Every structure is written in structure tokens, then in C-alpha cells.
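Peer 1: The following block contains the structure, expressed as C-alpha cells.
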Amino acid sequence: MERIRDAFAALGSNKALIPFIVAGDPDYDQSFAIARAILASGADMLEIGFPYSDPLADGPVIQAAALRSLNRGCQLPDCFRLVRDLRSETNKPLIAFTYVNPLMQYGATRFFAELAQAGGDGVIVPDVPLEEAPELARVAADQGIAWIPLVAPTSGEERIQAIAQQARGFVYCVSSLGVTGERSSISTQVESLVQAVKRHTSLPACVGFGVSTPDHVREIAGYADGVIVGSAYVRRIGDAASGDGDAVEMVTRFTESLKDACRA
Ligand SMILES: O=P(O)(O)OC[C@@H](O)[C@@H](O)c1c[nH]c2ccccc12
């Protein structure tokens, strides 16, 4: 958990760029090369999606990526291996993203222990029922894994307070309702959601969902502590996988453009 705190502290007045990719997409080796390039070209942390067959909160871009990865045989041990391989080359925070079903099937204690042993720092579970979150957050903390919860535009003040209190690392503010996917603009509503979170915790508040251009990042950098960008990366990886460019080159340029927009 300290890596996440230290990473935000090291930013000074800059904002955190947190890309998301799907582990094993389009295959293990390319996924490792892509993740290394993203970290080497300016990302402050990396959110690593553990592919799942029923990604109910994901739009078509990430659904397709999960399918590409699963069709190449990616399993949970491969996801932990990716964390371990990246940890051997970087000290930046690595955050696992998983749906609640695979987490519970594998066993939460076992999952968090193996994630910590691999060098992981945090976890995001978007579909965990509110009443189960405190117990999972405790099991994660016991293994040194930061529980990074999501708040949505529909979350009321009490719910935001409850979620903010169980948060470790940072709070993930979802910019809009619906599923993941690039959006042409970012709802201005999310600024008040970030402000509500900041009323209940001193942890950083980062914004995700739809963020896909440097302008989006500049806008969010005005009031949040970081941005999460997923589908815009995953689409580029998918385009490259179908022969439309070199993935490492594309994610490197994209990361540099977004990181520039994170600078104060
Ligand atoms: O893809 P987007 O619109 O850039 O949003 C980030 C998102 O990809 C990542 O944080 C994530 C992937 N799958 C999710 C499901 C729910 C919440 C968040 C996520």
C-alpha cells in the first residue's frame, strides 16, 4: 500500500496517469511488452484487468479484449505472473482489477496473498455488493493490498462517506453511469462527486470512465488527483492486434500525450 501513497506524494502538483489494460491481451508476451512501454513512457501506476467471461460493467472494447485474452488461454496464474514480471522491472504501483466472481471462486485470502507475493499493491472490484466490501477490504489489507472502491454519480452522501472510509490507496470516481468506453466529453457532474469524496477522506480521488483525450485529462486534472484511462488504450491494442499499427509504439505515444496533460 505504501507504493501507492508514495507515488501520489512524488507527483507534487502533477496528477496521476493510471492506464488500464487487460492481462494477456492480445497474448502474454505482447501484453508484457505493452505494459512495460506504458510504465516506461510516463504512466504513474497501472491497472491490470484480470480477464473474465462475463464483464458486466464493460463496454464492447474491453469485452473484446477479455475474450482475446481468454481465447489465448490466459488464466489467473498468468495474471499474477504478469504482475510479478512487471514488478521485477518497476517500483510503480500495480493495481489488479477483477470482478467479484473470479475473486470469490479463487478465494479472497488466496487471491490477495498471491497478488501481494507477486508485488501487487491494490485491487479494484467494481461489482462487489456494498455489504461484502468491508470484509473484503479487511482481508485485502491483511495481505497488504489496498482496497480501491468506486463511487458513482448516483452515490448519496452517506454512501460516499461509507465507501471513502473503507478506501485505501485512492478512491475511484466513476464519471458517468453505464459501462466503460471512450466518451466524447466528460460529465461536469464528476467534479462535485470528487468534492463529495474529499469531504470524507484525505485520500486521492481519481476519475475514470470515458477519459480518452489529453483535453479530458487537462479538464479532470483541474479538480481530481488522477485519471484512469482504459478503453482508449485497449482499443489501440485491439487495433494493433488486427494488424493496424504497432501496439508498443501506439501506447507509448498515447501515454506521452496524456502525461503531458497531467502536468501542472
Ligand atoms: O474504459 P474507460 O471508459 O476508460 O474506463 C476505465 C476502465 O476501463 C477501467 O477502470 C475498468 C475496466 N473495467 C471496468 C469495470 C468497471 C469499472 C472500471 C473498469
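Peer 1: Under a Cβ-only charge scheme (Lys and Arg +1, Asp and Glu -1), can you give me the dipole magnitude of the stretch 47-127 about the Cα centre, in debye to the nearest 20?
Peer 2: Working: 7 positive and 9 negative charges, 44 e Å.
Using Cβ point charges on Lys, Arg, Asp and Glu, the stretch 47-127 gives about 200 debye.
Peer 1: Which of Ala66, Ala146, Ala57 moves most in a GNM of the chain, Cα contacts under 10 Å?
Peer 2: Highest fluctuation among the options: Ala57.
Peer 1: Another question, then. Placing +1 at every Lys and Arg Cβ and -1 at every Asp and Glu Cβ, with all other atoms neutral, what dipole size does the chain have around its Cα centre, in debye to the nearest 20?
Peer 2: Computed about the Cα centre, the dipole is about 400 debye.
Peer 1: Next up: Please report, for the Cα atoms of the stretch 83-194, the Rg to one decimal and the Dmax as a whole number; what are they, in angstrom?
Peer 2: 14.9, 41
Peer 1: Local charge sum around Gly245 (other residues, Cβ-Cβ under 14 Å, Lys/Arg +1, Asp/Glu -1)?
Peer 2: Summing Lys/Arg as +1 and Asp/Glu as -1 gives -1.
Peer 1: Now for a separate question. Mind jotting down the distance between the C-alpha centroids of the stretch 60-74 and the stretch 133-172, whole Å?
Peer 2: Using only Cα atoms to place each centre, the spacing works out to 27 Å.
Peer 1: Let me ask another. Distance in nm between label sites at Ser88 and Asp142, each 7 Å beyond Cα in the beta-carbon direction?
Peer 2: Each label point lies 7 Å from its Cα, and together they span 3.1 nm.
Peer 1: I've got another one for you. Could you work out which residue, out of Leu115, Leu67, Leu11, moves most in a Gaussian network model of the chain, that is, has the largest mean-square fluctuation with Cα springs under 10 Å?
Peer 2: The residue that fluctuates most here is Leu11.
Peer 1: Something else now. So, in Å, what gap is there between the alpha-carbon centers of the stretch 178-230 and the stretch 1-35?
Peer 2: Here the two parts' Cα centres lie 17 Å apart.
Peer 1: Quick one: Debye curve from the alpha-carbon atoms of the chain only, equal weights, vacuum; give me log10 I(q)/I(0) at q = 0.09, 0.12, 0.16, 0.17 Å⁻¹ to two decimals.
Peer 2: Per q value, in the given order, log10 I(q)/I(0) is -0.34, -0.63, -1.23, -1.42.
Peer 1: Could you tell me which trypsin sites (Lys or Arg not before Pro) in the stretch 149-222 are loop residues by DSSP with no more than 15 other beta carbons within 10 angstrom of their beta carbon? Intermediate values should be presented prior to the final figure.
Peer 2: Details: sites: Arg159, Arg168, Arg183, Lys198, Arg199, Arg218; in loops: Arg168, Arg183, Arg199.
Sparse-neighbourhood loop trypsin sites (Lys or Arg not before Pro): Arg199.
Peer 1: Using only the Cα atoms of the stretch 1-143, each taken as one equal point scatterer with no solvent, compute I(q) by the Debye sum, divide by I(0), and report log10 of the ratio at q = 0.18, 0.22 Å⁻¹.
Peer 2: Calculated log10 I(q)/I(0) at the listed q: -1.07, -1.49.
Peer 1: Determine the calculated [θ] at 222 nm for the chain from helices alone, applying -39500 (n - 2.57) to every DSSP H run no shorter than 4 residues and normalising by the residue count; nearest 500 deg cm²/dmol. Before the final figure, lay out the partial values.
Peer 2: Working: 12 runs with 130 residues, N = 264.
Helix contribution divided over all residues of the chain: -15000 deg cm²/dmol.
Peer 1: Under a plain spin-label model, where a point goes 7 Å from the Cα along Cα-to-Cβ, how far apart in nm are Ser53 and Asp6?
Peer 2: Each label point lies 7 Å from its Cα, and together they span 4.0 nm.
Values in this text are rule-based calculations from the coordinates and carry no lab data. Just so we're clear, the structure is a prediction, and the values are computed from it rather than from any experiment. Glycine gets a Cβ as well: all are built from the backbone with ideal geometry, and neighbour counts include every protein chain shown.
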